[in-house]
Protein chains: 2
Amino acid sequence: MTYPLLALDVATNTACVCLINAEGKVFTETASPGKQHSNTVLPLLQDVLKQADLTWGDLKMLALGQGPGSFTGLRIAAAMLAGVNASLKLPIWGLSSLAITAMQTQSDKPLWVLEDARAGEVFVGYYQQGERLQDDVCKCWSEIQGMPTDSFAAQQEPAITLPDWHRLPLPMDRAQAMSLLIQTLWDKTDHTAHTPWIQPVYLQLSQAEKNLQHV
Amino acid sequence: MTYPLLALDVATNTACVCLINAEGKVFTETASPGKQHSNTVLPLLQDVLKQADLTWGDLKMLALGQGPGSFTGLRIAAAMLAGVNASLKLPIWGLSSLAITAMQTQSDKPLWVLEDARAGEVFVGYYQQGERLQDDVCKCWSEIQGMPTDSFAAQQEPAITLPDWHRLPLPMDRAQAMSLLIQTLWDKTDHTAHTPWIQPVYLQLSQAEKNLQHV
């Protein structure tokens, strides 16, 4: 398992890609905000390849921001990458989209990532410099209100006000943060476990599962 | 523009593919009903290639059942095919999913295809042996009730009862019908107009557009 690696994330409104070439040099592309992922993702991938002066056949590995995030967006991204990989047959590394957001803060302290998941729910990640301190989960916003206040990052506005929490800015470009996450986790990751196809991570439980949780 | 051609349709609950090789021989694969398209489509494409003893690089053209049909399913299929085609750069021919259903009837007379589109609406096609007699449109079911009764075909149960209409059976396998549609339309189609990416056809109007129609 080695570079060049091409990575894609669509968990936010704005799709972004990064490519790390064999020399470790990073190239990035970011879509115009609000454009439908189905129209923008493929040109982004092609643009970043062109920027790095590589072709599809030069790639050794793919990566996908697996979510949690928008159901349709993630499925479309996973389907497109699966299509790209139908002939390439490369390993695909699944990245947490919350971990990418955590990297955007450039903070070296543990921090929460809290993304509104609609229906009164929130995707919750806990990270320090890209490393997962707890598994990503989906909770009710009311559960967050019961937690000790802390620092958090978010792409979207939280669905509730979190008065004593400290919201961190996101100074780093998301595509750049994704490349930094990949480089940070590279040596700590079992790259032999990657498969040539990948499932999005939805995390949201069905109502039946929720009911069981509260028994 | 020539064979081998690989075609995919996901407009029904059951994804299907067909491959027509350079000698005009047809190979088909059909997913198990009800399986999520995102998991089944790629193996189907790979299975039909294997069956025909071809590789991705042997293909000269792709085709996609463009809809009208399920929004998410069509977008996923279009995204996957776009991904596959990122390196192949083949022309993609858009087929009406309603035309494929019309072919399944094996009728040589003009017939309607009426597929429930939810929200009181119906996708309407009018075909004779694969040839489009009217553009595919989206109407209200109540408009169908006002039309002269005729023969129709449908994959799904109509949302209303159509007492004096004659519902045609669908004796032909859908993947087989798709290959027959391709062969029937081949000489009548401007293959130079195909592009290497394709948009799904949704047909359903926004509420604002509907309001304008009724002014």
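The values are calculated or read from the model by the stated rules, or taken from the named source; none is laboratory data. Keep in mind that what you see is a predicted model, and the values were worked out from it rather than measured. So basically every Cβ, Gly included, is an ideal-geometry build from the backbone, and we count neighbours across all protein chains shown. When the accessible area is computed, the model is the full protein with side chains, heavy atoms only, and any ligands, DNA or RNA have been set aside. Shrake-Rupley method; radii C 1.70, N 1.55, O 1.52, S 1.80 Å.
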Q. Of all the residues that make up the stretch B:110-135, how many are assigned to a loop (DSSP other than H, G, I, E, B), over 19 Å from B:Ile160 (Cα atoms) and open to solvent by 10 Å² or more (accessible area, probe 1.4 Å)?
A. 2
Q) If you go through the stretch B:88-103 one residue at a time, do you hit one that is more than 20 Å from B:Asp9 (Cβ to Cβ), open to solvent by 20 Å² or more (accessible area, probe 1.4 Å) and within 14 Å of another protein chain (Cβ to nearest Cβ)? A) yes
Q) For the stretch B:136-153, what are the residues that are in contact with a Phe, Trp or Tyr (Cβ under 9 Å, 6 or more places away or on another chain) and part of a loop (DSSP other than H, G, I, E, B)? A) B:Met147, B:Thr149, B:Asp150
(Q) Here's a check for you: in the stretch B:66-79, which residue that is more than 16 Å from B:Thr14 (Cβ to Cβ) and in contact (Cβ under 8 Å) with a residue 24 or more places away in the chain is farthest from the other protein chains (Cβ to nearest Cβ)? (A) B:Pro68
(Q) Going by what's in this entry, would A:Thr28 be described as buried (at least 19 other Cβ atoms within 10 Å of the Cβ) and of a type in the set (Ser, Thr, Tyr)? (A) yes
Q) How many residues are within 13 Å of chain B (Cβ to nearest Cβ) and in a loop (DSSP other than H, G, I, E, B) when one looks only at the stretch A:53-65? A) 3
Q: Examine the stretch B:168-184 for a residue that is touching a Leu at 6+ places or on another chain (Cβ under 9 Å) and either open to solvent by 40 Å² or more (accessible area, probe 1.4 Å) or within 14 Å of another protein chain (Cβ to nearest Cβ) (or both), and state whether such a residue exists.
A: no
Q) Does the stretch B:33-42 include one or more residues that are within 14 Å of another protein chain (Cβ to nearest Cβ) and either open to solvent by less than 10 Å² (accessible area, probe 1.4 Å) or of a type in the set (Val, Ile, Thr) (or both)? A) yes
